[in-house]
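Engineer: Provided herewith is a single structure, encoded as structure tokens, for subsequent inquiry.
The values are calculated or read from the model by the stated rules, or taken from the named source; none is laboratory data. All figures in this text were calculated on a predicted structure; none of them were measured in a lab. Cβ placement follows ideal geometry from the backbone for every residue including glycine, while neighbour counts extend to all protein chains displayed.
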Amino acid sequence: MRPVSSGKTDRGRKRLNNEDSIGVYDDLGLYVVADGMGGHAAGEVASRTAVEAVRASVESGPGMAKGAGQRLFEAVNLANGEVLKRAASDPQLKGMGTTVAAVLLEKDDSGGEAGAGVRSIGLALAHVGDSRIYLFRNGDLRRLTRDHSLVEDMVAEGRITPDQARVHPFRNVITRALGTKEDAQADISNLVPEPGDVLLLCSDGLTGMLEDSKIAEILASNAGSPFVCAEALVKAANEAGGADNISVVVLKF
């Protein structure tokens, strides 16, 4: 079962540049969203460095010798090291970092035409920071990741409600990011997709503008086409204010 995919990244309506980066690599079964930070061009450098490093690690890795979860974990750790190295090489990039949300399909080598792409029998998910991965299945939207952020910790501790978290003055403070520590501290999980499933990877430029109910409505209305979904999600976030860069990757199984 191979997914159909589409990705889109947009500057939004308030930011002068786009510090997000995405990677849609159907040939590798790899999909990545990264949201950079650091000011000026540093955030853009951090996110692009991370996406390219994850791709390079998966592309040059041991293939079937390791499962998708281990391969993705190693790829994110490598990306963390590359962001740290790049920041250390240029004083103007000091302090830069990036979130990352990534999906890697397991490979099914039991058959299929050469060059047909990766056939999925399962997938691994990785994330660091507050970029998210959602599953839309049978009309229901479920978040598969937990934000590494100050307000998410406060919600978990019962100090604020999810609604309060959406407008909290510290809602953009994240507690983990690539490029800040030697250990990437990525969360890794697994999922077996079902026919009709839609996976959404996104930066907080989407979720900061749209509530989950609105995201679910858009996915339900356009679930047949990942390209239309991606376009509609970005358009809706911009229409809601477009306060940040917006990035989405949509997979339809």
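Engineer: Kindly indicate whether residue 174 is under 26 Å from residue 80 (Cβ atoms) and modelled with pLDDT of 95 or more.
Structural biologist: For residue 174, the condition - under 26 Å from residue 80 (Cβ atoms) and modelled with pLDDT of 95 or more - is not met.
Engineer: Related question: Please note which strands (runs of 3 or more DSSP E) are completely contained in segment 1-110 and include at least 2 residues that are closer than 18 Å to residue 191 by Cβ and either in contact with a Phe, Trp or Tyr (Cβ under 8 Å, 6 or more places away or on another chain) or touching a residue at least 40 places away in the same chain (Cβ under 8 Å) (or both).
Structural biologist: 4-10, 30-37, 100-105
Engineer: Okay, moving on. Taking segment 11-36 as the region of interest, how many residues are surrounded by fewer than 23 Cβ atoms within 10 Å (Cβ to Cβ), among the charged types (D, E, K, R) and in contact with an Asp or Glu (Cβ under 8 Å, 6 or more places away or on another chain)?
Structural biologist: Number satisfying all stated conditions: 2.
Engineer: Considering segment 1-25 alone, what residues qualify as being more than 16 Å from the chain's Cα centre (by Cα) and either of a type in the set (Val, Ile, Thr) or closer than 18 Å to residue 199 by Cβ (or both)?
Structural biologist: 1, 2, 3, 4
Engineer: Could you check residue 97 against (1) buried (at least 24 other Cβ atoms within 10 Å of the Cβ); (2) at pLDDT below 95; (3) not hydrophobic (A, V, I, L, M, F, W, C) and say which number it fails?
Structural biologist: Evaluating residue 97 over (1) buried (at least 24 other Cβ atoms within 10 Å of the Cβ); (2) at pLDDT below 95; (3) not hydrophobic (A, V, I, L, M, F, W, C) leaves (2) as the failure.
Engineer: Inspect segment 141-149 for any residue being small (Gly, Ala, Ser), closer than 26 Å to residue 77 by Cα and modelled with pLDDT under 95 and give the result as yes or no.
Structural biologist: Initial filter on segment 141-149 (small (Gly, Ala, Ser)): 149.
Checking the rest, the ones that are also closer than 26 Å to residue 77 by Cα come to 149.
Still in the running and modelled with pLDDT under 95: 149.
Checking segment 141-149: at least one residue is small (Gly, Ala, Ser), closer than 26 Å to residue 77 by Cα and modelled with pLDDT under 95.
Engineer: OK, next. Pull up segment 152-171, narrow it to residues that are over 24 Å from residue 219 (Cβ atoms) and in contact with a helix residue (DSSP H, G or I) (Cβ under 6 Å, 6 or more places away or on another chain), then point me to the one that is modelled with the lowest pLDDT.
Structural biologist: In this case the residue turns out to be 170.
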